[in-house]
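First the structure, in the form of structure tokens, and then the observations on it.
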Amino acid sequence: MELALQQKLVARLATDREFREKFFADPARVAATEGLTVAAETLSTLHHEQMRQFARLLRTRRLAQVALRLPLTRKALGQRFADSFRNYAVNPPAAGQRPSEDAIAFVKHLEAQAAEKGLEPAWALSLARYEAGRLAAEWHNQRLVIRLLPHDVKRLATLMAAGEVPLGDYRRSSLAVWWRPTVASRLKHWLS
Amino acid sequence: MGRKTEITNLLANLPRLGAGLSYRRPFRDELLQRQSEVDFIEIIGDFYLDAPPEKLDELALLMEHFTVIPHFTTLSLGSAEGLEERHLEKIYLLLKRIAAPWWSEHIGYTRAGGINLGHPSPLPFTKEAVETMARNIITARRAIATPLILENVCSPLIWPGAEMTEPAFIAQVLHHSGCGLLLDVTNIHANSTNHGASPAEFIEQLPLERVVQVHFSGAHESKGRLVDSRTQSVPESIWQLLDLAVSRAPVRCICLERDDNLPPLPEMLWEVERARALGRLYKRWN
């Protein structure tokens, strides 16, 4: 029973930055408000810096999984991909959340970020939405997924696959469609 | 026959595979062209659970060309809450499809109190944690007959209140669960270096007769600490540790892990070949 509470407390400390800072400022009080007093007594000597490093390790692993599922977006944003992810990952993934769901949620975060502060290059968001559409169609039993995107996704993807850095704004509407006639059918894709 | 001898015999009957690498989608086509240069591939089994038909096609293609060893990260064998039956059932179905000689998971937990840690995290080195692991493994082994081997994890975090050392903890878990060991030498190197211990002594304290598979990968230094990032080529310090492990343990296969910053495939295949030569040197395979 004690291990279950300890694991819960460590999991919370590793994934919730705000909770972690509050806890290390006053472990007993914070643990009491969370009903984790027993666990906090045992874990009162947890090393704050070690916990920070552990949290960073978990975030790095999570980032690697998301990056694997959004290769074009990652290439387009470069270091800003990891920077944006750091802001997104202040909240832990939901229980049972798969990496593809995490990647889709990250793209939603990028959309919100772009609406608020813009995103450079602007076409990176079209690539992100394109890749999120593919993930939704591949992994989430959506038989029909349609995305209308304001940039030339096909041209951008070709250039990036060839290792070139796209210059310019690439404004031209793209229509991306994925469909699966039956649940067991292979996914079909069309990109204008 | 004693239980220990029985387990050792069971592990000794597992096939000798040689040297291989963790499969990553970006190098699939090139790997298929150079399939004679790897003796097996390891897949992340979790990626094929609830998978769409295309992913299962990929798995079928890999199985057609390679011996496939499934490695899992999300079963959470160390969870005090117990295992999720549905998850176990999915793993069972996947293993049935693959018909692998063994499968692997971690000595750690990924799930607690509704939180998904996303990556195997360490346990306290206590009797309660040993019992928890043993209890969950019994449940898993009742559902899945394929031999299970367990991997040591890497973590900057040390739980307070340890009742034993980490090697003793690993030994206890293996003893009570009857499992083989997936020895990750890079994890040992990172943990030992970061916590001021000797990685070679760590290895010497493990029940090496239980080692079935070895993982090795690159690591890099960040803010004065060694991080098992799997993003770099393998440094000499890890090769030395791998040499020690292969010289002392009856390993059936060695697997190179690389997650990110993937180099051209020939670079990784050169590391696989070097590991294969090490296995030959110590007569682990021909």
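Which residue out of B:A190, B:A100 is farther than 25 Å from A:F54 by Cα and either part of a loop (DSSP other than H, G, I, E, B) or touching a strand residue (DSSP E or B) at 6+ places or on another chain (Cβ under 6 Å) (or both)? Before the answer, list the steps.
Working: B:A190 fails: farther than 25 Å from A:F54 by Cα.
Selected residue: B:A100, the only one of B:A190, B:A100 that is farther than 25 Å from A:F54 by Cα and either part of a loop (DSSP other than H, G, I, E, B) or touching a strand residue (DSSP E or B) at 6+ places or on another chain (Cβ under 6 Å) (or both).
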Only residues that are surrounded by fewer than 16 Cβ atoms within 10 Å (Cβ to Cβ), without any contact (Cβ under 8 Å) to a residue 40 or more places away in the chain and either of a type in the set (D, E) or within 14 Å of another protein chain (Cβ to nearest Cβ) (or both): list them for the range A:143-192, please. A:A161, A:G163, A:E164, A:P181, A:T182, A:A184, A:S185, A:R186, A:K188
Does at least one position in the range B:115-132 carry a residue that is in contact (Cβ under 8 Å) with a residue 40 or more places away in the chain, within 15 Å of the chain's Cα centre (by Cα) and surrounded by fewer than 19 Cβ atoms within 10 Å (Cβ to Cβ)? no
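Is it the case, given these coordinates, that B:E42 is more than 18 Å from the chain's Cα centre (by Cα), within 24 Å of B:D259 (Cα to Cα) and modelled with pLDDT of 95 or more? Show your work before the answer.
Values: more than 18 Å from the chain's Cα centre (by Cα): no; within 24 Å of B:D259 (Cα to Cα): yes; modelled with pLDDT of 95 or more: yes.
Against the criterion (more than 18 Å from the chain's Cα centre (by Cα), within 24 Å of B:D259 (Cα to Cα) and modelled with pLDDT of 95 or more), B:E42 does not qualify.
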Give me the residue from the range A:44-59 that is under 21 Å from the mean Cα position of the chain (by Cα) and facing chain B (nearest Cβ under 7 Å) and, out of that set, farthest from B:S121 (Cα to Cα). A:Q53
Test: A:S126 is surrounded by 12 or more Cβ atoms within 10 Å (Cβ to Cβ), small (G, A, S) and under 24 Å from A:Q65 (Cα atoms): yes
If you take the residues in the range A:75-107 that are without any contact (Cβ under 8 Å) to a residue 24 or more places away in the chain and not hydrophobic (A, V, I, L, M, F, W, C), which one is farthest from the other protein chains (Cβ to nearest Cβ)? A:D83
Any idea which of (1) within 25 Å of A:A4 (Cβ to Cβ); (2) at pLDDT below 90; (3) within 14 Å of chain B (Cβ to nearest Cβ) is the one A:T33 doesn't satisfy? (3)
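When the range B:188-198 is examined, which residues are found to be surrounded by fewer than 22 Cβ atoms within 10 Å (Cβ to Cβ) and touching a residue at least 12 places away in the same chain (Cβ under 8 Å)? Please lay out each step first, then the result.
Here is the first cut: in the range B:188-198, the ones surrounded by fewer than 22 Cβ atoms within 10 Å (Cβ to Cβ) are B:192-198.
Within the range B:188-198, B:T193, B:N194, B:H195 qualify.
Any idea how many residues of the range A:146-192 are of a type outside the set (K, R) and farther than 21 Å from A:R74 by Cβ? Step through it out loud before you land on a result.
Narrowing the range A:146-192 to residues of a type outside the set (K, R): A:146, A:148-153, A:156-170, A:173-179, A:181-185, A:187, A:189-192.
Keeping just the survivors that are farther than 21 Å from A:R74 by Cβ gives A:146, A:148, A:173, A:175, A:177, A:179, A:181-185, A:187, A:190, A:192.
So the answer is 14.
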With respect to B:H106, is the statement that it is at the interface with another protein chain (Cβ under 8 Å from one of its Cβ atoms) and either surrounded by fewer than 21 Cβ atoms within 10 Å (Cβ to Cβ) or touching a residue at least 40 places away in the same chain (Cβ under 8 Å) (or both) true? no
Out of the range B:168-187, which residues are in a helix (DSSP H, G or I), surrounded by 20 or more Cβ atoms within 10 Å (Cβ to Cβ) and out of contact with any Asp or Glu (no Cβ under 9 Å at 6 or more places or on another chain)? B:I170, B:Q172, B:V173, B:L174, B:S177, B:V185
Looking at B:A145 and the list (1) within 14 Å of chain A (Cβ to nearest Cβ); (2) free of Cβ contacts under 8 Å to residues at least 12 places away in the same chain, which single condition is not satisfied? (1)
Read through the list (1) touching a Leu at 6+ places or on another chain (Cβ under 9 Å); (2) surrounded by fewer than 17 Cβ atoms within 10 Å (Cβ to Cβ); (3) more than 27 Å from B:H87 (Cα to Cα), then give the number of the only condition that B:E37 fails. (2)
I'd like to check something: does the range B:42-53 contain any residue that is surrounded by 13 or more Cβ atoms within 10 Å (Cβ to Cβ), closer than 23 Å to B:N286 by Cα, more than 14 Å from chain A (Cβ to nearest Cβ) and touching a helix residue (DSSP H, G or I) at 6+ places or on another chain (Cβ under 8 Å)? no
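Can you pull out the residues in the range B:154-167 that are over 15 Å from B:E128 (Cβ atoms) and either buried (at least 21 other Cβ atoms within 10 Å of the Cβ) or away from every other protein chain (no Cβ under 13 Å) (or both)?
Here is the first cut: in the range B:154-167, the ones over 15 Å from B:E128 (Cβ atoms) are B:154-158, B:165-167.
Across the range B:154-167, the qualifying residues are B:C154, B:S155, B:P156, B:T165, B:E166, B:P167.
The values are calculated or read from the model by the stated rules, or taken from the named source; none is laboratory data. These numbers come from a predicted model, not from an experiment. Don't worry about glycine lacking a Cβ; one is built from the backbone with ideal geometry, like all the others, and counts go over all protein chains shown.
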